[in-house]
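My questions will all concern the structure given below.
We did not get these values from a lab; they are worked out from the coordinates using the rules stated. Nothing here was measured: the structure is a model prediction, and the numbers come from that model. Note: ideal-geometry Cβ built from the backbone for every residue, glycine included; neighbour counts use all protein chains shown.
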Amino acid sequence: MKIQGETKSRLKKFLGLKEKSLAIHGGQEPDPVTGAVMPPIYQTSTYAQKAPAQPIGEFEYSRSHNPTRRSLEDCLALLEGGTYGLATSSGMSAIHLVLGLLSPGDEVLCGDDVYGGTYRILTTIAKRHGLKAKFLNFAELDKNSKFIEENSSKNTKLVWLETPTNPTLKVFDIQKIATICKKNKWTLCVDNTFMTPIFQKPLSLGADLVIHSLTKYIGGHSDTVAGAIITNDAKLADQLYIDQNSVGSICPPFDSWLLLRSLKTLPVRMRAHQENALALAEWLEKHPKISKVIYPGLKSHPQHALAKKQMLGFGGMLSFTLKGNLKTATQFFKKLQLFTLAESLGGVESLIEHPALMTHASLPTSVRKELGIEDTFIRMSVGLEDLEDLKKDLDQALR
Ligand code: P1T
């Protein structure tokens, strides 16, 4: 199998482009045979060879490589400021591949607030394979600069974080954590799903690996499940490519094509998501039926200053707590008409969900309580509908 030896030279010609141009052109050129402006969907499992082990072009078999997937991987790598991209079958398969870099006995220090599926994989599959996971509130670093080191062991190998976290939107200092990881020779992986490379570039802040659920903002239309890993580290990339080829967790050609199509509007969509989310957060903060709103763009957010420094925008996710109880929350969901009650996020349509019973049901009740994920805690993915319609829908349901 060809590892991505030629990746650097392939990406070189795009490096002078700015972000909005990269989102449209990165990793893509008119098809050399037909001139097709959009990258074709190479819906093929295999490629003809001239003689044994002498493929006609660069490709041998689509589990190993596929031209449509490669364009997506290159475009993602360019946007994240990375060299190597891998497009996988889901966000969870990207996480699984990264955990596969570890060996039995190794320890992962993970942020205490992560997607329920991430918590589940660390406490079930990874545990069965001999990995240990410890969940830490990295915000404690502000009070104690030795907090992570004091909680590490000689077996610590990987630090894992989401920032802002899912669903309580805590913001962790990537640069500070990266410095500690470098000193201790730990790998730092940041799940950048909520911000996308448009609003946050973890590699430039010192992370070794970035992962994504492409299912969310990057896909942007709630029609595809996929994931990605991006890195600048050739050694990590080589191992990940070998593992990906060995297990076959790949993004199919049609999904890769859909994602390339979505990427072209990602910068525009992210800014529009943020505009609606900030306006709704400010409006909800004043609503008499709501006790608390969490959005990194609000001055009331505990890490607002860090968010402003570290992020290039605040994103489209916000969480809030209703006054009342579980029944109040259930009635509120029932009354909503424009917001759809559903797991997932990042699509053009607004979604709303109940983390305790939905996305974070795999967390033990005590852990959820500690994080503040109560029965009245609600997470919202603010879409691109008209702001007045969104407000009207929320207001009638709240009342
Ligand atoms: O669903 P999948 O593409 O496998 O991605 C998993 C995943 C990874 N990381 C983050 C931060 C995520 O939010 C997710 C998936 N999250 C949801 C489905 C959700 O509603 O939060």
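Please state the equivalent ellipsoid semi-axes for the chain: what are the square roots of 5 times the Cα gyration tensor eigenvalues, largest first, in whole Å?
35, 26, 19
Further question on the same structure: Using Cβ contacts closer than 10 Å as the measure, can you line up 314, 14 from fewest to most?
14, 314
OK, next. Of the listed peptides 328-334, 204-210, what is their order by residue-averaged count of other C-beta atoms within 10 Å, with the highest listed first?
Packing order, densest peptide first, comes out as 204-210, 328-334.
Residues with beta-carbon under 15 Å from that of residue 165, excluding residue 165: net charge, scoring Lys, Arg +1 and Asp, Glu -1?
Residues near residue 165 contribute -3 overall.
Considering the options 390, 53, 84, tell which one lies farthest towards the positive end of the dipole of the chain, charges being +1 on Lys and Arg and -1 on Asp and Glu at the Cβ, about the Cα centre.
Checking the options against the dipole of the chain, the answer is 84.
Report Rg/Rh for the stretch 194-266, rounded to two decimals, where Rg is the Cα radius of gyration and Rh the Kirkwood radius.
In the stretch 194-266, Rg relative to Rh is 0.98.
Taking neighbour counts of Cβ atoms within 10 Å as a proxy for exposure, in what order, fewest first, do 194, 135, 147 appear?
147, 135, 194
Considering only the other residues whose Cβ falls under 11 Å of the Cβ of residue 110, what net charge follows from Lys and Arg at +1 and Asp and Glu at -1?
-3
To make sure I understand, if each residue's beta carbon is the centre and we count other beta carbons within 10 Å, what order do 112, 395 fall in, fewest to most?
Result, fewest neighbours first: 395, 112.
Can you list the DSSP H helices in the chain whose Cα atoms extend at least 24 Å along the helix axis and whose mean Kyte-Doolittle hydropathy is -1.0 or higher?
266-285
Which aspartates and glutamates have a Cα lying under 13 Å from the Cα of residue 134, excluding residues fewer than 8 positions away in the same chain?
106, 107, 112, 113, 149, 150
What Kirkwood radius, in Å to one decimal, follows from the Cα pairs of the stretch 266-398?
Taking every pair of different Cα atoms in the stretch 266-398, averaging 1/r and inverting gives 15.1 Å.
Now for a different question. With respect to the cross-link table entries 157/201; 143/335; 216/369; 13/154; 132/327, which display a Cα-Cα separation exceeding 32 Å?
Table pairs above 32 Å Cα-Cα are 143/335; 13/154; 132/327.
Round to a whole angstrom and tell me the spacing of the C-alpha centers of the stretch 127-174 and the stretch 234-290.
Computed from Cα coordinates, the inter-centre distance equals 23 Å.
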